[in-house]
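In what follows, a structure is listed as structure tokens, so that the remarks can point back to it.
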Amino acid sequence: MKIVDFELYKDLLYTKSGLQLTPDKSYLLDSRLTPIAKKWGFPSLDVMSGSLRGLPDPGLVKDIVEAMTTNETSFFRDTRPFDNFEKYVLPHMIEHRAKAKRLRIWCAACSSGQEPYSLAMILKEKATQISNWHIEILATDLSDDILEHARQGLYSQFEVQRGLPVTYLMKYFSQDNEKWRISNEIKHMVRFENFNLLERMSALGNFDVIFCRNVLIYFDNETKTRVLMNMSQQIASDGFLFLGGAETVLGISDRFKLQEGAKGLYVPIS
């Protein structure tokens, strides 16, 4: 790909999603955008690139951004955050929300839904401790296609073998031909919406727990600071923020601090 075309997509992706496309990821442009060019009737990627320099169709721009921002995920990914949620965060919330009996969780950049469904299964296992509670799991992503996948709750054998305990597979999934469908009782615990992390978050409301894992690594420091600032305004004063294992707030935000002894878990600074 020509350097000028790489810069075109780099700028487009940054403007629309905040994500930085580095030269070492340029190979993704051909593999992910060639199908988009074909879908829109362009004879080649070069021709599609040229069309973006005029007044491109907003639908085309949306498809390009979605194709480039679909990321890796799996059930109970990395294990530690879910252990911290189950053994530390949830007991705290059960104690401190005993009167209100309300819990709101946001999974930002949820991809195909494995993260919020993993949380839903943990909560379902704790049903006796949180009976009569109003629990909401909001899961957002900027890709309509990936959100539709998540809403269907239909996963391949490969997807359910990655991190999902066999006991949960047997308990909360049913086989659908060669795939596995998550049960309605788990599916109905999660609400999926399209949302861009560059947008104002106030319309989403306030949350007790926010998962924003393995997302900030794709942003520059200015965007990271802005996203964390906005999240700090939507999280409860005794809430919890989960980031990825390779992510940190040090030198980026003074709104959160690391929870001692819990890697990847942060709390708001009063």
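The values are calculated or read from the model by the stated rules, or taken from the named source; none is laboratory data. The structure presented is a predicted model; accordingly, all values stated were derived computationally and were not measured. Ideal geometry is used to build each Cβ from the backbone, glycine not excepted, and the neighbour counts take in all protein chains shown. Protein only, heavy atoms only, side chains kept; ligands, DNA and RNA dropped before computing areas. Shrake-Rupley method; radii C 1.70, N 1.55, O 1.52, S 1.80 Å.
Solvent-accessible area of the range 126-270 (1.4 angstrom probe, protein heavy atoms only): carbon and sulfur portion equals 48 percent.
Using the Cα gyration tensor of the range 213-257, with a ≥ b ≥ c the square roots of its eigenvalues, what is the shape: rounded (a/c below 1.5), prolate (a/b larger than b/c) or oblate (neither)? Intermediate values should be presented prior to the final figure.
Working: a/c = 1.78, a/b = 1.38, b/c = 1.29.
In terms of gyration-tensor shape, prolate.
The alpha carbons of the range 1-122 stretch over 59, 27, 22 Å along the principal axes, in descending order. Helix 221-232 versus the longest principal axis of the chain: what angle, 0 to 90°, nearest 10, using Cα atoms? So the helix axis and the longest Cα principal axis differ by about 30 degrees.
Principal-axis analysis of the Cα atoms of the chain puts helix 27-39 at an angle of about 80° to the longest axis.
Could you order the peptides 118-127, 4-13 from most to least packed, using the average number of other C-beta atoms within 10 Å per residue? Provide the component values of the computation, followed by the final result.
Values: 118-127: 19.1, 4-13: 15.8.
Per-residue mean Cβ counts within 10 Å order the peptides as 118-127, 4-13.
Within the straight-line cut-off of under 18 Å between alpha carbons, the aspartates and glutamates reachable from Lys2 are Asp11, Asp24, Asp30, Asp46, sequence neighbours fewer than 8 places apart in one chain being disregarded.
If both residues of a DSSP beta bridge must be in the chain, then about 40% of such bridges are antiparallel.
Let me check I have the definition right: for the chain, take the eigenvalues of the Cα gyration tensor, multiply each by 5, take square roots. What are those semi-axes in whole Å, largest first? Please report the intermediate quantities before stating the final value.
Numbers: eigenvalues 230, 111, 47 Å².
Computed over the chain, the values are 34, 24, 15 Å.
Residue-wise HN-Hα couplings along the range 85-101, as the Karplus relation 6.51 cos²θ - 1.76 cosθ + 1.60 with θ = phi - 60° gives them from phi, are 5, 6, 9, 10, 5, 5, x, 4, 5, 4, 6, 8, 10, 4, 7, 6, 6 Hz; Gly and Pro carry x.
Expressed as a fraction of 2.2 N^0.38 Å, the C-alpha radius of gyration for the range 72-117 is 1.31.
How long are the semi-axes of the equivalent ellipsoid of the range 157-270, defined as square roots of 5 times the Cα gyration tensor eigenvalues? Whole Å, largest first.
Numbers: eigenvalues 199, 54, 42 Å².
Gyration-tensor ellipsoid for the range 157-270: 32, 16, 14 Å.
Please calculate how many Å² of accessible area the chain carries per residue, with a 1.4 Å probe and no DNA, RNA or ligand atoms counted.
Per residue, the chain has 50 Å² of solvent-accessible surface.
Normalised by the number of residues in the chain, the mean separation of alpha-carbon contacts (under 8 Å, six or more apart) gives a relative contact order of 17 percent.
Note on the range 138-217 and the range 107-137: Cα centroid distance 10 Å, given to the nearest whole angstrom. Over the range 72-179, what is the relative contact order in whole percent, taking alpha-carbon pairs under 8 Å and six or more residues apart? Result for the range 72-179 is 34 percent. Pairs from the table (Lys101/Lys257; Lys25/Lys124; Lys87/Lys171; Lys99/Lys171) lying more than 29 angstrom apart at Cα are Lys25/Lys124; Lys99/Lys171. With both residues required to sit in the range 140-196, DSSP beta bridges show an antiparallel share near 80%. Rolling a 1.4 angstrom probe over the range 1-67 with all protein chains present gives an accessible area of which 61% lies on carbon and sulfur atoms. Close amide-amide hydrogen proximity is noted between Lys257 and Val267, Ile269, each under 5 Å apart and 5 or more residues distant or on a separate chain (H modeled in the peptide plane; Pro and chain starts excluded).
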